[in-house]
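Asks: The following block contains the structure, expressed as structure tokens.
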Amino acid sequence: MKKKLSEEQEILALKRAAKYRREFLGNVSHELKTPIFNIQGYIHTLIDGALEDPNVNKKYLLRTSKSIDRLISIIEDLEILANLESDELLMDVTDWDLIDLVNELFEFFEIKSSEKNIKLSLDSNFDTFFVLADKEKINQVLVNLISNSIKYGKEGGSITIKIEKKEKNSLIHVVDDGIGISSENISRVFERFYRVDKGRSRSQGGTGLGLAIVKHIIEAHEQEIDISSQVNKGTAISFTLKNSIK
Ligand SMILES: Nc1ncnc2c1ncn2[C@@H]1O[C@H](COP(=O)(O)OP(=O)(O)OP(=O)(O)O)[C@@H](O)[C@H]1O
Ligand SMILES: [Mg+2]
């Protein structure tokens, strides 16, 4: 009797995995279709005569190039997810200074944030703050979070990274004063391909993979992540990282 139940459970798990794969493939092909059809449209227009028209030929080529960039970024995100989900996920855990990384990232995002007049600041009582984690992966986490805060931030707003020291695992908060997320959407934003406002997100180049990647990386570190948000007030995403013993 016991064996039968576990067989049933196994079948259920397999069915769930098959459903997940089907949905995932459906989502992927849907996301890839938009830029591919755009490229096809621009190329056809060029072949049909626009190539000879100096007023539009460059415009269509630039749009083609933008759609190709979009395809590349979707594929890069899918690659990151595939790597994170593979059984032999390689973690390269070392000791490194989080403050250093945050400052590097603020420099990296300087132009993007200034386009929207968004101020980036660090709230920490430390000159250095060593953590034990995979630096490249946490870099990816912060890139995804900061770029969301800019993307869904308001003109003239601010983004603060706050480091809160705790005994074993410290808390890192990424806080913005942007458009926020409603309570019915908040529980779903970590799902793959989930976007609150599909139109707006896509026009900003969003696939809905950013937060799924973030959650995966934090869980691979056996750490925790939490989100709180209020529409028109802002969003705070907090995650823990292991303190270094240094
Ligand atoms: N800081 C934020 N403020 C408001 N909404 C947010 C914020 N971060 C995420 N969201 C909402 O959650 C959704 C999922 O975020 P996620 O980063 O996974 O996807 P994306 O930004 O749409 O696309 P991608 O990151 O793949 O380019 C977004 O579409 C957006 O609606
Ligand atoms: Mg994102």
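The values are calculated or read from the model by the stated rules, or taken from the named source; none is laboratory data. Please read these numbers as outputs of a predicted model, since none were measured by experiment. Positions of Cβ are generated from backbone atoms using ideal geometry, with glycine treated the same way; all protein chains shown enter the neighbour counts. Surface areas here come from the heavy atoms of the whole protein model, side chains and all, with no ligands, DNA or RNA. Shrake-Rupley method; radii C 1.70, N 1.55, O 1.52, S 1.80 Å.
Asks: Extending each Cα 7 Å along its Cβ direction at LEU14 and ASP197, get the distance between those two points in nm, one decimal.
Replies: Going by the 7 Å Cα→Cβ label model, 4.5 nm.
Asks: Please turn the phi angles of segment 170-186 into ³J(HN,Hα) values with the Karplus equation 6.51 cos²θ - 1.76 cosθ + 1.60 (θ = phi - 60°), one per residue in order, whole Hz, x for glycine and proline.
Replies: Values, residue by residue: 8, 9, 10, 10, 10, 10, 10, 10, x, 5, x, 10, 6, 5, 6, 9, 4 Hz.
Asks: Further question on the same structure: With every protein chain left in place and a probe of 1.4 Å, what is the accessible surface of LYS119, to the nearest 10 Å²?
Replies: 130 Å²
Asks: Also, quick follow-up: With every protein chain in place, what's the accessible area of SER244 (1.4 Å probe, Å², nearest 10)?
Replies: 20 Å²
Asks: On the first, second and third principal axes, largest extent first, how far apart are the outermost C-alpha atoms of the chain in Å?
Replies: Sorted from largest, the Cα extents of the chain read 67, 61, 35 Å.
Asks: Then there's this: Subtracting the Cα-Cα distance from 0.36 nm times the residue separation, let me have the gained length for SER183 to GLU79 in nm, one decimal.
Replies: Working: separation 104, 0.36 × 104 = 37.44 nm, distance 3.04 nm.
That pair, SER183 and GLU79, stretches by 34.4 nm at full extension.
Asks: Okay, moving on. Can you tally the net charge around GLY234? Count Lys and Arg as +1, Asp and Glu as -1, for every other residue whose Cβ sits under 12 Å from the Cβ of GLY234.
Replies: On the way: positive: LYS154, LYS233; negative: ASP176, ASP177.
Here the charged neighbours net out to 0.
Asks: Net charge within 15 Å of SER187 by Cβ-Cβ distance, Lys/Arg positive one each and Asp/Glu negative one each, not counting SER187 itself? All intermediate terms of the calculation are to be shown ahead of the outcome.
Replies: Values: positive: ARG188, ARG192, ARG195, LYS215; negative: GLU184, GLU191, ASP226.
Around SER187, the charge tally is +1.
Asks: In addition: Rounded to the nearest 500, what is the chain's calculated 222 nm mean residue ellipticity when only DSSP H runs of at least 4 contribute -39500 (n - 2.57) each, over all residues? Present the calculation step by step, with values, prior to reporting the outcome.
Replies: Values: 8 runs with 130 residues, N = 246.
The helix contribution divided over the chain gives -17500 deg cm²/dmol.
Asks: At a probe radius of 1.4 Å, what is the per-residue accessible area of TYR20, in Å² to the nearest 10?
Replies: The accessible area comes out at roughly 90 Å².
Asks: Next question, about the same structure. Given a 1.4 Å probe, how much area per residue of the chain is accessible, in Å²?
Replies: Details: 15190 Å² over 246 residues.
Spelled out: the 1.4 Å probe surface of the chain, per residue, equals 62 Å².
Asks: For GLU23 paired with ASN57, estimate the spin-label separation in nm (one decimal), with each label point 7 Å from Cα along the Cα-to-Cβ line.
Replies: If labels sit at GLU23 and ASN57, their model points lie 4.8 nm apart.
Asks: Just to make sure I understand: if all protein chains stay in place, what is the order of ARG16, ARG63 by accessible area at 1.4 Å, largest first?
Replies: On the way: ARG16 155, ARG63 100 Å².
Ranked list, largest accessible area first: ARG16, ARG63.
Asks: Taking a 1.4 Å probe, which of THR94, THR240 shows the most accessible area, and what order do the others take after it?
Replies: On the way: THR94 60, THR240 25 Å².
Heavy-atom accessible area, descending, gives THR94, THR240.
Asks: Put a dot 7 Å past each Cα toward the Cβ at LEU5 and ASN103; how far apart are the dots in nm?
Replies: 5.9 nm
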